[in-house]
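Chemist: Next up is a structure, given as structure tokens.
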Amino acid sequence: MKKKVIVVKLGGSTLGGQTSTGTPDTTLEDILKLAAEGITLAARTIDRIIAREGLTRADVAPAPAPRRFERAAPNELWQMDAKGHYPVAPGRRCHPLSILDDHSRFAVGLYALPTLHADGVRHALVDCFEHYGVPAAMLMDHGSPWWATRNEAGLSRLSVFLLKQGIRLLHGRIRHPQTQGKVERFHRTLGERLRWWGVPDDLDGFARAFAEFRTEYNEVRPHEALGQQPPGLHFHRSPRVYVAQPPAWEYPSGSDVHRVDQNAMIAYQGQRFFVSEALIGEQVACTRLGPRVLVTYRHMYVRELELASGRTRSLLRPMDAAGPADAQNAPTRSLENAQNAFPTAPTGAHNVLPMS
């Protein structure tokens, strides 16, 4: 009985009475769900069970985001973030890496990584792309390794890897975690579940727990925003396929193309300008706009050059964005348009596949 109460509470809304911590808790909807399972309990009794299991702590209480957004279809936008690490052994850590589809809340990836280095994150992303295809855009914060924290340019080698797959990069505003509210809420739910099961003490244990949680979250656990249905019923594989060796980018005819040299600079009209260390050896296009030049890498603006002063500044945003490249101001290019530029999967290859 206690386990059923926990499952219903973790999957339900929290808009009713108050627990001893002041956190909104049991609702009429929760009571009706339990009654359907043959369990008749008073709201205070359910609250006591939840409190006894340590699931009403203030630090995991859900906080409503001041502004919500949602993509219209699966794979228009994936959110990626890393949850705070867990210690697993002296001097070692487990870093949970989560990748969530914005429209369906489907967890396309949940990985137990020993570090958050670019190679491990890239391997996890390739695993997701091979199972579920490639999204049109990805939303991340300004953390390493998807953002170059050691220089103001922002562009990292992991970012370049994503751009080569035709993915538009969006970044949440600094110190505004609510921009990635869905993945933040996913992390709170994961933390609650681990406390209920018992936090593992090694990476293999975390990997097993993450696999079990991901299956439950995607295929069993109801979600209020999805009409109390699990995310798996609202997700399908992207028609865009992962390309291990992307072809060279073809800029429009007549573009002023330059190669970024080993010093991360380009030569333009007798001057040298810094572009990005992550783009060393890559070709970029320059577009003159009066006293300034916009530098484009593939489908992203990456740099603005000031000809008079010789200064440059980072300009990391999609070419079709009307404002700053964040999740709410930069519209995602439609999948229909993306399919014209990038390979697609064979007809019928749209089923959700299990992760290995």
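The values are calculated or read from the model by the stated rules, or taken from the named source; none is laboratory data. Bear in mind that the values here come from a model prediction, so they are computed numbers and not experimental data. Backbone-built Cβ (ideal geometry, glycine too); neighbour counts: all protein chains shown.
Chemist: Would it be correct to say that residue 289 is surrounded by fewer than 17 Cβ atoms within 10 Å (Cβ to Cβ) and hydrophobic (A, V, I, L, M, F, W, C)?
Modeler: yes
Chemist: Still on this structure, please answer the following. Of the conditions (1) touching a residue at least 60 places away in the same chain (Cβ under 8 Å); (2) farther than 18 Å from residue 137 by Cβ, residue 79 satisfies every one except a single condition; which number is it?
Modeler: Only one criterion is unmet by residue 79, namely (2).
Chemist: State all residues of segment 130-159 that are among the basic types (Lys, Arg) and at pLDDT below 85; if no residue qualifies, say none.
Modeler: 150
Chemist: Got a number for residues in segment 97-113 being out of contact with any helix residue (DSSP H, G or I) (no Cβ under 6 Å at 6 or more places or on another chain) and surrounded by fewer than 23 Cβ atoms within 10 Å (Cβ to Cβ)?
Modeler: The number of residues fulfilling the criteria is 1.
Chemist: Can you spot a residue in segment 312-333 that is farther than 16 Å from residue 160 by Cα and at pLDDT 80 or above?
Modeler: Yes, there is a match, as at least one residue in segment 312-333 is farther than 16 Å from residue 160 by Cα and at pLDDT 80 or above.
Chemist: Only one of these is closer than 20 Å to residue 129 by Cα and among the aliphatic types (A, V, I, L, M): 241, 220. Name it.
Modeler: 241
Chemist: Tell me which residues, restricted to segment 82-117, are in contact (Cβ under 8 Å) with a residue 12 or more places away in the chain and farther than 30 Å from residue 222 by Cβ.
Modeler: 88, 89, 92, 93, 114, 115, 116, 117
Chemist: Determine whether segment 243-250 contains at least one residue that is under 24 Å from residue 170 (Cα atoms), aromatic (Phe, Trp, Tyr) and surrounded by fewer than 19 Cβ atoms within 10 Å (Cβ to Cβ).
Modeler: Among the residues of segment 243-250, at least one is under 24 Å from residue 170 (Cα atoms), aromatic (Phe, Trp, Tyr) and surrounded by fewer than 19 Cβ atoms within 10 Å (Cβ to Cβ), which makes the answer yes.
Chemist: Can you name the residue in segment 162-188 that is touching a Leu at 6+ places or on another chain (Cβ under 8 Å) and at pLDDT 90 or above and, of all such residues, is nearest to residue 122 (Cα to Cα)?
Modeler: This residue is 162.
Chemist: Can you pull out the residues in segment 118-141 that are among the β-branched types (Val, Ile, Thr) and either surrounded by fewer than 21 Cβ atoms within 10 Å (Cβ to Cβ) or without any contact (Cβ under 8 Å) to a residue 40 or more places away in the chain (or both)?
Modeler: 121, 126
Chemist: Just checking, how many residues over segment 69-92 are charged (D, E, K, R), in a strand (DSSP E or B) and surrounded by 16 or more Cβ atoms within 10 Å (Cβ to Cβ)?
Modeler: So the count comes out to 1.
Chemist: Please enumerate the residues belonging to segment 39-93 that are small (Gly, Ala, Ser) and at pLDDT 65 or above.
Modeler: 51, 72, 73, 82, 84, 89, 91
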